[in-house]
Amino acid sequence: HRAERRRRRSSPPPLAAAAHAARLCPLSSNPQSKMYKKGIKTADTILRKHPDHGETLSMKGLVLSTLGRAEPALELARRGLRANLRSHVCWHVLGLLRRGERAYDEAIRCYKNALRLEPDNPTVLRDLAQLQAQTRDLPGLLESRQALLEAAPKVRANWVSYAAAHPDLVARLQAMVA
């Protein structure tokens, strides 16, 4: 019985799979389509029924951050992560918010936790690689670019970015140009 209680506490509130997908999909696309008020309204609808749904709390925080409300956004993302530590979405959103605050080490840690939960997520891998390039973490960048290349070898951009991250290839190209 203890294991069952622990499992219930660590998993998100039970939403019907179809209802959850139908509601969360518009919420995740709203930040990209700049429909911020609709995104907040969708999140509030879900949170009325399930106030501790981690992914919804995190996504609402992401929408609020695009509206320039950084403090409540970060608090919502943290609440979402506390509600569901096993969600790669919660870790990714917190990483995005920390990157926006220029707390790069914490953002990288969040991205790595998201990848630990969902290893082949190309969006998180790209965000991590971009941040590793920005912080000049070249061994980490090479590892991230290689993981992207192995996940999708037919994408030309993955080959180019891996070649750009590889120190031997960069040195050879610089020698050829000089």
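Worth pointing out:
- Residue match in segment 164-174 (condition: hydrophobic (A, V, I, L, M, F, W, C) and within 26 Å of Ala70 (Cβ to Cβ)): no
- When residues of segment 121-151 are limited to those that are basic (Lys, Arg) and assigned to a helix (DSSP H, G or I), the one least open to solvent (accessible area, probe 1.4 Å): Arg145
- Qualifying residue in segment 59-73 (condition: part of a helix (DSSP H, G or I), over 13 Å from the mean Cα position of the chain (by Cα), among the hydroxyl-bearing types (Ser, Thr, Tyr) and crowded, with 24+ Cβ neighbours inside 10 Å): no
- Of all positions in segment 81-90, at least one carries a residue that is closer than 26 Å to Ser58 by Cα, modelled with pLDDT under 90 and among the small types (Gly, Ala, Ser).
- Within segment 97-120, if we keep just the residues that are assigned to a helix (DSSP H, G or I), open to solvent by less than 40 Å² (accessible area, probe 1.4 Å) and among the aliphatic types (A, V, I, L, M), the residue that is nearest to Gly61 (Cα to Cα) turns out to be Leu97.
The values are calculated or read from the model by the stated rules, or taken from the named source; none is laboratory data. The structure displayed is predicted, hence computed values, not measured ones. Every residue, glycine as well, gets a Cβ built from its backbone with ideal geometry; the counts of neighbours run over all protein chains shown. Side chains included, ligands, DNA and RNA excluded: accessible areas come from the protein's heavy atoms. Shrake-Rupley method; radii C 1.70, N 1.55, O 1.52, S 1.80 Å.
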